[in-house]
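> Please see the structure below; I have some questions.
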Amino acid sequence: MKLILLGAPGAGKGTQAARLMQKYNIPQLSTGDMLRAAAVAQTPVGLEAKAIIDAGRLVSDDIVVGIVAARIQQPDAARGFILDGFPRTINQAKALDAMLADAHMDLDAVIELKVDEAALLSRIAQRVKQTEAAGKPGRADDNPEAFKTRLEAYQTLTAPVSAYYAKTGRLAVIDGMASVDAVTEGLDKVLSRIVKA
Ligand code: AMP
C-alpha cells in the first residue's frame, strides 16, 4: 500500500503513521525525520537543512525530492510506504507523480487529517510540556515563533497540495480533531476499501 498522509504540523500524522506502519508492515517515510537524521549526521544536506528546519521554513524542493527518490528505491519500500511530511509543495507533488511513474508505482490513497488552528497550537504547547517533563531534548522548531512560521508555510505552500490531489479524485479527508483512536478508525475505514479493491 502506497499512501500519503497530509495535514498541518501537529495534525497527528506521525502518531497515525506509526500505527499504520505496524498494521500494514510498511515503512513510514518521514522527510522531517530523514532531514533531522541528516542534520545529526552532519551530511552536506543535513548541514544545509538544519538552520532552515530550526527556523520552521521549508527545505528546498530539490533536496527533499532527492531524499525521497532515493528512499523509495530501498528494498523495504517495494511493498509500500507511508509518506509523512511529503509532498509539502505542488512542485514536490508533481515530482512525486513523475518518480512514481518512472518506478511503475501507483499511489493507493492520499489522506488529509484536518485539524483547526487553535487545536494545533494547543497540541504543540502540550508536546513541548510533555517533552520537558520527560527531560528529553525538544525539537528546536517547536517554539512559538518557529511553529508560527511552520503553520504559515503549511497554509501558503502545503494546503494547495490537498487541492492538487482532490482535483484528480485521490483525496480522502478525515476529521483529525477526534481522539487518536477515532482517527485511526477513520483511516482504517478508508484503507479497508482500498485493500479490498
Ligand atoms: P516535520 O517533522 O514533518 O514537521 O518536518 C520538520 C521540518 O523539516 C519542516 O518544518 C521543514 O523545515 C523540513 N521538511 C520536512 N519535510 C519537508 C518537505 N517535504 N519539504 C520541505 N521541507 C521539509
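The values are calculated or read from the model by the stated rules, or taken from the named source; none is laboratory data. Source: prediction; values computed, not measured. A quick note on method: Cβ atoms are made from the backbone with ideal geometry, for glycine too, and the neighbour counts reach across all protein chains shown. These accessible areas exclude ligands, DNA and RNA; they are computed on the full protein's heavy atoms, side chains included. Shrake-Rupley method; radii C 1.70, N 1.55, O 1.52, S 1.80 Å.
> How large a share of the accessible area of the chain, in percent, is made up of carbon and sulfur atoms when the probe is 1.4 Å and the other protein chains stay in place?
The value for the chain is 55 percent carbon and sulfur by accessible area.
> For the chain, what is the charge dipole size about the Cα centre, in debye to the nearest 20, if Lys and Arg each add +1 at the Cβ and Asp and Glu each add -1 at the Cβ?
300 debye
> Here is a further query. Using a Förster radius of 45 Å, what is the FRET efficiency between GLU132 and MET99 based on their Cβ-Cβ separation? Nearest 0.05, please.
Rounded to the nearest 0.05, the efficiency is 0.70.
> Evaluate the charge dipole of segment 30-97 about its Cα centre and quote only its size in Debye, nearest 20, assuming +1 on the Cβ of each Lys and Arg and -1 on the Cβ of each Asp and Glu.
40 debye
> Excluding residues on the same chain fewer than 8 positions from LYS114, give the aspartates and glutamates whose Cα lies under 18 Å from its Cα.
Partners within reach: ASP84, GLU152, ASP175, ASP181, GLU185, ASP188.
> Given the convex hull over the Cα atoms of the chain, what projected area results after averaging over all orientations, in nm²?
The number I arrive at for the chain is 11.0 nm².
> Give the accessible surface of segment 54-194 per residue, rounded to a whole number of Å², with probe radius 1.4 Å and ligands, DNA and RNA excluded.
With all protein chains present, segment 54-194 gives 54 Å² per residue.
> Of GLN155, LEU35, PHE81, which is farthest towards the positive pole of the chain's charge dipole, taken about the Cα centre with +1 and -1 on the beta-carbons of Lys, Arg and Asp, Glu respectively?
Sorting the options by dipole projection puts first PHE81.
> Here's something else I'd like to know. Under a Cβ-only charge scheme (Lys and Arg +1, Asp and Glu -1), can you give me the dipole magnitude of segment 1-58 about the Cα centre, in debye to the nearest 20?
240 debye
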